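A short worksheet on the structure shown next.
The values are calculated or read from the model by the stated rules, or taken from the named source; none is laboratory data. In this text, all values refer to a predicted model and were calculated from it rather than measured experimentally. Glycine also receives a Cβ, built like all others from the backbone with ideal geometry; neighbour counts cover every protein chain displayed. Please note that ligands, DNA and RNA were not included when accessible areas were found on the heavy atoms of the full protein model with its side chains. Shrake-Rupley method; radii C 1.70, N 1.55, O 1.52, S 1.80 Å.
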Amino acid sequence: MVPLKSRSLIGMFAAVLLLLSLPLQAQNENVNMAQVRTLAFTQGLSELDKQCVACHQEEQPGIVADWKDSRHSHVGVGCNDCHAVSKSQPDAQLHNEEGLQGVYITPLVSPNTCGRCHAEEQAQFNESGHFRSYHQIIPKDSLHALVKFHEGRNNEELGGAPGETGCMQCHGTELALNEDGTPDPTTWPNSGMGNIYPDGSTGNCGACHTRHKFSLEEARQPAACASCHLGPDHPDIEVYENSKHGQIYATEGHKWSWDEPAGAWEPGDYRAPTCATCHMSGVGDLASTHNVSERLYWNLWAQRSEMRNSTDVLSPLLGNGPQGREKMKQVCSACHSENHTEGFFAQGDKAVKLYNVEYYDPAKKMLDDLESKGLLLENPWADEFQITFYHLWHHEGRRARHGALMAGPDYAHWHGFFELQLDYYKLEAIYKQRLARGEIELRE
């Protein structure tokens, strides 16, 4: 005989599974909204949350479908646990509809809100390079000028469009509010990693764990990182797809186990690593982390790569390079021999040093020399030397370095060093011509 208490728990568990089966099925069948709108789901919810669900499954059934299929709903975390705020908060909006008299809510769920339950993850994020995604943009006058003055043509009404639809959708921004506490559309909505919220906290958990499902499986797949880490200046997803790791993922990733608990997702659940595996996941004795800088040796995105050696979260050199390298080797050792791992990093480090010594250093010397002689245009985006120098480090140089240390041979070579040498010869020719003539050539 099963004890009465156990039978009660078993019955409740079975009921929850039955209720959850519908949204899962609906999702697998492109979400049958008719089911979403009529499914009652009330266990563990406050009366206020029940009212929220009842209304929103009519108005925004997709939101409710995601939430019902989330771990939050499984443990009774309801709408107001995340969205309810006090009247005194600057982003508080009075919700006097559907019987919710006197209830204040906000759509801006900040990292401090998530941190009430996920304190360790928030602390790790606050010590990572992701934390400065927007903070690092604030003092960059040249970048603001590029986006607003050059790309936006300094149009008083429309000039913010490149930043609003581009930069802040990855980097984030400082979220502004209208007088009634609603988000200002010049800063929201956005999915940027480094948002600064009205409560002062920084980050955006939904950038990787998209709302309202906040899926662990989703955050572990390369697509979670690919929306920002792509393109000519940091083609990390393209480099990954060019690698043997990416080849294996593309072939059989759909068969892997993605939903193991944090710290328990190990080789065997997958056959090749994803971005999250190398930079965040627990592997063997190595603990999982939300500090994506923790396992890095070099800064590969800077003009010149240096070993990480700073505890300042706003420093480009945030991290401990030697410790980071040892932690990354622990990840590699789960699948590779010591000789294989040591040889891989020896090759990658050589490529980074080659870029530093033979490309960036002499190119920077030519740039500084031309500047000292007044042979650079004030507008860098009309100056062929300055444009090419920018491409050398910001595009081709990054691709060569990332390709070398992420096992993407086409990006290390054809999109990297091959184009680097073309840039360098062009810079050298312009440099010699300006010195010989003592003037800046007209751009065709």
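Once all protein chains are placed together, F214 keeps about 70 Å² accessible to a 1.4 angstrom probe. Charge tally for T187 (other residues, Cβ to Cβ under 13 Å; Lys, Arg +1; Asp, Glu -1): -4. Cross-link partners for K68 among the lysines, with Cα-Cα distance under 17 Å and sequence neighbours closer than 8 places in the same chain left out: K50, K213. For the range 113-212, the list of GluC sites (Glu not before Pro) that fall in a loop by DSSP and count at most 14 other C-beta atoms within 10 angstrom reads E156, E157, E179. Can you check what the net charge comes to around A250, using other residues whose Cβ is under 11 Å from the Cβ of A250 (Lys, Arg +1; Asp, Glu -1)? That sum, taken over residues with Cβ under 11 Å, equals -1. Contact order for the chain, expressed relative to its length and based on alpha carbon pairs under 8 Å spaced 6+ residues apart, stands at 11 percent.
Ranking L405, F385, I440 by Cα position along the charge dipole of the range 376-444, where only Lys, Arg, Asp and Glu carry charges on their C-beta atoms, puts L405 farthest toward the positive end. Here the Karplus curve 6.51 cos²θ - 1.76 cosθ + 1.60, taken at θ = phi - 60°, turns the phi angles of the range 263-270 into couplings of x, 10, 8, 10, x, x, 6, 9 Hz, with x standing for Gly and Pro.
With all protein chains kept in place, the per residue accessible area of the chain amounts to 54 square angstrom at a probe of 1.4 angstrom.
When +1 charges are put on Lys and Arg Cβ atoms and -1 charges on Asp and Glu Cβ atoms, the dipole computed for the range 78-167 relative to its Cα centre reaches about 240 debye.
Sorted largest first by accessible area at a 1.4 angstrom probe radius, with every protein chain in place, the residues L420, L405 fall in the order L405, L420.
Taking V357, V75 and ordering them by how much accessible surface each has at a 1.4 Å probe, largest first, produces V75, V357. Shown for the chain are the DSSP H helices of 20 Å or more along their axis, judged by Cα atoms, with a mean Kyte-Doolittle hydropathy of at least 0.0: 4-28.
Paramagnetic label reach from Q347 (point 7 Å along Cα→Cβ; backbone nitrogen cut-off under 20 Å): within the range 400-434, residues 400-420. Taking amide H as placed 1.01 Å from N in the peptide plane, L177 has its amide H under 5 Å from the amide H of D184, each at least 5 places away in sequence or on another chain.
Label sites at E157 and D269, each approximated as a point 7 angstrom past Cα along Cα to Cβ, lie 5.3 nm apart. Taking 7 Å steps out from each Cα toward its Cβ at L422 and H150 produces label points 2.0 nm apart.
Can you pull the percent of the range 75-137's accessible area that's carbon plus sulfur, 1.4 Å probe, other chains left in place?
Whole-percent figure for carbon plus sulfur exposure: 51.
Between E378 and T165, the FRET efficiency from the beta-carbon distance, with R0 = 25 Å, is close to 0.35.
If you take every DSSP beta bridge whose two residues both sit in the chain, what share of them, in percent to the nearest 5, is antiparallel?
Details: 10 of 13 bridges.
Counting DSSP beta bridges with both partners in the chain, the antiparallel share is about 75 percent.
Each Lys or Arg adds one and each Asp or Glu subtracts one; over the other residues with Cβ under 14 Å from the Cβ of L435, this totals -1. For the chain, the calculated P(r) over all alpha carbon pairs, in 10 Å bins from 0 to the bin holding the longest distance, is 4, 17, 25, 24, 17, 9, 3, 1, 0, 0 percent.
Scanning residues 5 or more positions from V292 or on other chains, those with amide H under 5 Å from its amide H are G129, H130, with H placed 1.01 Å from N in the peptide plane. First measure r as the distance between the Cβ atoms of R443 and S333, then evaluate 1/(1 + (r/R0)^6) with R0 = 56 Å and state the FRET efficiency to the nearest 0.05. Calculated value: 0.60. Reducing the range 121-178 and the range 341-401 to their Cα centroids gives an inter-centroid distance of 24 Å. Accessible area per residue (1.4 Å probe, heavy atoms of protein chains only) ranks S288, S70, S310, S88 as S88, S288, S310, S70, with the largest value leading.
Close amide H contacts of A287 (hydrogens built in the peptide plane, cut-off under 5 Å, sequence separation of 5 or more or a different chain): none are found.
Were the residues from L314 through D368 laid out at 0.36 nm apart, the gain over their Cα-Cα distance would be 16.8 nm.
So which trypsin sites (Lys or Arg not before Pro) in the range 316-387 pass both tests, a DSSP loop state and at most 14 other Cβ atoms within 10 Å of the Cβ?
In loop regions of the range 316-387 (DSSP not H, G, I, E or B), the sparsely surrounded trypsin sites (Lys or Arg not before Pro) are K373.
Mind checking which of G102, G172, G397 has the largest fluctuation in a GNM of the chain, springs on alpha carbons under 10 Å? Result for the chain, Cα springs under 10 Å: G102 fluctuates most.
When shorter helices are ignored and each DSSP H run of at least 4 residues is given -39500 (n - 2.57), the per-residue value for the chain at 222 nm works out to -12000 deg cm²/dmol. Separation of the alpha carbons by more than 32 angstrom is noted, of K353/K373; K353/K432; K327/K365; K244/K353; K327/K426; K255/K327, for K327/K365; K327/K426.
Which trypsin sites (Lys or Arg not before Pro) in the range 62-117 sit in a loop by DSSP (not H, G, I, E or B) and have at most 14 other Cβ atoms within 10 Å of their own Cβ?
The qualifying sites are K87, R116.
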